[in-house]
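What follows is a single structure, written as structure tokens, with notes after it.
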Amino acid sequence: MSLLVSLRDWSGITAPFDSEFVGFDQYRQLITDDGVRRRDFALSIRNNFYYVAGVVPTQTAIALFLAVILNQRRLKGKGFFRTAYYFPTITSSIAVSLIFLFLFQTRGAVNAVLPFQDINWLANPNGVIHNILGVAGVDSAPGWMDDTEILSLPLWEWISGPSVAMLSIMILVTWTTTGILMLIFLAALQNISPSVQEAAEIDGATWWQRFRLITVPLLKPTITFVVTLGLIGTWQVFDQIFVISFGGPEKTTLTPAFLTYFQTFQNGEASLGAAVAVVLFVIIMAFTVLQRRLMRNRDWS
């Protein structure tokens, strides 16, 4: 349906197939034609890419770490810790986002306790990589990086890293999603026969050797599944953006999913929103297939 709608000039008010057929005009506006639409689309891709690159490895690593800890036979209070870590997952994302909004706003608790030279988390559009380069004395882009553009966005802006505002949202999402991934890893760990670990221990293998050479290879299907879930979920991030930042500041938290909503319901360009949704679907499929092939071909032993 989105594909068919994206080929028409539909405002979202009348019947979609009563609108004019325009072919691939919406896609040209996003990918080839210079203008605000292409720049906004490029910003959304850049922002979401850094979001995915930050959240997926972090939530996977933390979830695996917590699962390994909770899988220890001598640990007491496992039920309590499982519930505590899982609780953010079952809490409304809107409610949690509102709590984080109050915590990270200008006069919130986080800015009061961790100001970092008045960093003002949710109102700070500066990229993390640019901030680091600034500390090293690089305050402006080399000429060639300002002149080189990809989708109407200079290369210097592509390498800005996630904004401080986006970093705040990444912290929130990592906290809320780690619990369910931890339970998935924990279930997989409990399916590993204790005799395998005991045999390796008798042979003199250290804990780290057992974890790296036995546990991780046996968890390969689970890790692949968790990373796949993470990729799909992070490319579709919307709730937290809508509640906390609405794409700001300076469009540094704009994502394709939010851009789809904004073009459809705020700008009345439903066909353009549908085109963004179709491109987002292609991106998700491409990243998912690439990730599965890379993990399938990796030597885990």
Potential lengthening between I99 and K76 on full extension [0.36 nm per residue; Cα-Cα distance subtracted]: 5.2 nm
Tilt relative to the chain, helix 270-297 - C-alpha long axis, 0 to 90 degrees, to 10: 30 degrees
Ranking of D18, D33, D25 by count of other Cβ atoms within 10 Å, fewest first: D18, D33, D25
0 to 90° range, to nearest 10: angle between helix 164-190 axis and the chain longest Cα axis: 40 degrees
Sorted by Cβ neighbour density within 10 Å, fewest at the top, the residues E198, E149: E198, E149
Gap separating the Cα centres of the stretch 148-174 and the stretch 252-289, nearest whole Å: 17 Å
Projected area, mean over directions - the stretch 26-107, Cα convex hull, nm²: 8.9 nm²
Förster-model FRET efficiency, 51 Å R0, T106 and Q197, C-beta, rounded to 0.05: 0.50
Label point at T224 placed 7 Å out along Cα→Cβ; residues across the stretch 275-295 whose backbone nitrogen lies under 15 Å: 288-295
DSSP-assigned coil residues among trypsin sites (Lys or Arg not before Pro) in the stretch 1-80, each with at most 16 further Cβ atoms within 10 Å: R73, R74, K76
Which label in (i) 29.6, 91; (ii) 22.4, 74; (iii) 17.9, 55 gives the computed Rg and Dmax of the Cα atoms in Å: (ii)
The stretch 206-246 and the stretch 31-55: distance between their alpha carbon centers, rounded to Å: 23 Å
Inverse of mean 1/r across different Cα pairs in the stretch 118-190, Kirkwood, Å: 14.7 Å
Gained length - D146 relative to V282, 0.36 nm times residue gap less alpha-carbon distance: 46.1 nm
Radius 14 Å from Cβ of I159, net charge of other residues (Lys, Arg +1; Asp, Glu -1): -2
Ratio of the Cα radius of gyration of the stretch 110-262 to 2.2 N^0.38 Å, where N counts its residues: 1.44
Sorted by Cβ neighbour density within 10 Å, fewest at the top, the residues Y50, Y86: Y86, Y50
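Read-outs throughout are calculated quantities, based only on the coordinates presented, and are distinct from any laboratory measurement. The shown structure was predicted, so the numbers you read here are calculated from the model rather than taken from an experiment. Neighbour counts are summed over all protein chains in view; Cβ atoms, including those assigned to glycine, are modelled from backbone coordinates with ideal geometry.
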